[in-house]
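Note sheet for the following structure.
The values are calculated or read from the model by the stated rules, or taken from the named source; none is laboratory data. Just so you know, these numbers come straight off a predicted model, no measurement behind them. Cβ: placed from backbone, ideal geometry, glycine included. Neighbour counts: every protein chain shown. To get the accessible areas, we keep the full protein, side chains included, count just its heavy atoms, and leave off ligands, DNA and RNA. Shrake-Rupley method; radii C 1.70, N 1.55, O 1.52, S 1.80 Å.
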Amino acid sequence: MSVTYNFAGKTVLIIGGTTGIGRATAVAFADAGADIFVAGIGAADGESLKAEISATTSVAVEFSEVDVRVDAQVKALVERAVVRFGRIDIAFNNAGIPGKTAPVQDLEESDYDLILDVNLKGIFLGLKYQIPHMLAQGGGVIVNTASLFGVMGFATTAAYCASKWGVIGLTNSVALEVAKSNIRVNAIAPGSTMTPLLSGMFGGEQSARDTVTHLIPMGRIADPKEIAQLVLFLSSDAASYITGQAVVVDGGGFVASA
Ligand SMILES: NC(=O)c1ccc[n+]([C@@H]2O[C@H](COP(=O)([O-])OP(=O)(O)OC[C@H]3O[C@@H](n4cnc5c(N)ncnc54)[C@H](O)[C@@H]3O)[C@@H](O)[C@H]2O)c1
């Protein structure tokens with residue numbers, strides 16, 4: 001049974017869309033007819049994504065290199081997207097880094113600050129500048145990327161886990177602030193997904209598979225396209241009564257660890 005979405009006439013802002021989950025989501029939204037504004041680090045990846053989408057669809061696609069740690073850059077990005085497309089129907093706040101993996105006593109203050117700045121402050125800034133536009137236009141949908149490590153702890157990833165638990169706190173609270181304003185705000189909590197982030201964390205794809213596959217009840221690492229499908233579902237009218245949730249998509253990993 002295949003599922004198709006129709007986002008024709010909608011505009012989507014994807015922050016952290018150059019590679020991995022964000023890139024797969026940009027392609028999926030474009031395939032479903034949405035115009036796309038992508039931001040992230042890495043101009044070459046951004047340009048190659050534009051080329052990929054333009055080769056197979058007729059939707060409009062823009063890219064801006066933006067560092068989510070910088071208030072003025074996120075503010076300017078949201079304004080650029082609104083000027084380009086007139087509105088932002090859907091925002092996917094997805095930028096994230098694994099940061100240093102080590103026991104807490106081996107993390108420097110700078111390691112902690114970097115992880116929290118990208119993974120948590122970046123999403124705060126996205127929300128801060130997206131919500132006023134959505135209030136003014138009469139509605140919208142926001143999806144924030146948390147993690148399976150936003151609903152559980154994991155040794156050697158304390159700061160990463162703290163950032164992702166924080167994303168869910170932001171999501172829950174902002175969802176309540178705008179619940180009567182036709183704006184839904186949800187989070188996704190993916191388990192291991194084969195992306196540059198995961199392979200970088202474990203020193204290559206094969207090493208990542210060897211390290212985490214045995215922890216996943218379904219016996220395989222997710223394809224980024226499977227995470228993108230959850231973002232499209234939460235952004236669609238099929239999810240019209242879902243807000244303030246963090247939806248785990250992890251092949252059963254959380255249940256197995258509980
Ligand atoms: N891959 C996994 O197993 C997994 C699991 C759970 C959650 N996540 C989360 O999914 C999200 C996407 O990760 P991914 O696995 O696709 O990795 P990825 O490295 O392929 O993508 C990360 C994206 O974030 C962007 N980014 C990083 N730092 C940024 C900054 N300072 N400013 C702007 N953009 C920045 C990158 O440009 C890229 O587009 C992250 O938030 C990550 O924490 C990933």
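Listed values, structure above:
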item: Projected-area average for the range 159-258 over all orientations - Cα convex hull basis, square nanometres; result: 7.1 nm²
item: Relative contact order %, the range 144-255, counting alpha carbon pairs below 8 Å whose residues are six or more apart; result: 34 percent
item: Accessible area of the chain belonging to carbon and sulfur atoms, whole % at 1.4 Å probe; result: 57 percent
item: Per-bin percent of Cα-Cα distances, the range 34-80 [10 Å]; result: 28, 49, 22, 2
item: Relative contact order of the chain, pairs being alpha-carbon contacts under 8 Å that are 6 or more residues apart, as %; result: 19 percent
item: Over the chain: Rg over Rh, Cα atoms, Kirkwood Rh; result: 0.94
item: Formal net charge of residues neighbouring T171 (Cβ-Cβ distance under 12 Å; K, R +1; D, E -1); result: +1
item: The range 28-58-the range 169-219 distance, computed between alpha-carbon centres (Å); result: 21 Å
item: Kirkwood Rh, Cα atoms: Rg over Rh of the range 27-170; result: 1.01
item: MRE, 222 nm, helices only [DSSP H, n ≥ 4, -39500 (n - 2.57), over the chain, to nearest 500]; result: -14000 deg cm²/dmol
item: Probe 1.4 Å, protein heavy atoms only - accessible area per residue of the chain in square angstrom; result: 45 Å²
item: Counted charge near V212, where neighbours are those whose Cβ lies closer than 15 Å (Asp, Glu -1; Lys, Arg +1); result: -2
item: Environment charge of D113, counting only residues whose C-beta is closer than 12 Å and scoring Lys/Arg +1, Asp/Glu -1; result: -1
